[in-house]
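A.B. asks: Structure in structure tokens, see below.
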């Protein structure tokens, strides 16, 4: 399912226009992104948790040349599925 299909499904399920569903989805994404950027955590009980994790700098290899390269440290987004979500997909 892509973003357009999700917006259409949300609009249909909630009985709202696609424009309203798009605004709601964009607001959700913006607020989750903003919270993660500040180092916060977003928990939706039964669905899952969004959080960030620090990945330290490390050395890697260029697969074409075999040369050692330095990979910079960065923060990455993580998602852990909740129990209800796991039950629905299993």
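A.B. asks: Would you mind stating whether residue 40 is outside any strand (DSSP E or B) and either surrounded by 10 or more Cβ atoms within 10 Å (Cβ to Cβ) or touching a residue at least 40 places away in the same chain (Cβ under 8 Å) (or both)?
C.D. replies: Criteria met by residue 40.
A.B. asks: Out of curiosity, is residue 88 outside the structural domain of residue 3 (by TED's automatic domain parsing) and at pLDDT 95 or above?
C.D. replies: no
A.B. asks: In the same structural domain as residue 80 (by TED's automatic domain parsing) and surrounded by 11 or more Cβ atoms within 10 Å (Cβ to Cβ): does that describe residue 6?
C.D. replies: no
A.B. asks: Among the residues of region 12-35, is there at least one that is surrounded by 13 or more Cβ atoms within 10 Å (Cβ to Cβ), in contact with a strand residue (DSSP E or B) (Cβ under 6 Å, 6 or more places away or on another chain) and assigned to a helix (DSSP H, G or I)?
C.D. replies: Checked against the condition, which is being surrounded by 13 or more Cβ atoms within 10 Å (Cβ to Cβ), in contact with a strand residue (DSSP E or B) (Cβ under 6 Å, 6 or more places away or on another chain) and assigned to a helix (DSSP H, G or I), region 12-35 yields at least one hit.
A.B. asks: Checking the structure you have, find out if any residue of region 47-60 is free of Cβ contacts under 8 Å to residues at least 24 places away in the same chain, surrounded by 12 or more Cβ atoms within 10 Å (Cβ to Cβ) and assigned to a loop (DSSP other than H, G, I, E, B).
C.D. replies: So far as region 47-60 goes, no, none of its residues is free of Cβ contacts under 8 Å to residues at least 24 places away in the same chain, surrounded by 12 or more Cβ atoms within 10 Å (Cβ to Cβ) and assigned to a loop (DSSP other than H, G, I, E, B).
The values are calculated or read from the model by the stated rules, or taken from the named source; none is laboratory data. Since the structure is predicted, the reported quantities are computational estimates derived from the model, not experimental observations. With ideal geometry, Cβ positions are generated from the backbone for all residues, glycine too; neighbour counts draw on all protein chains shown.
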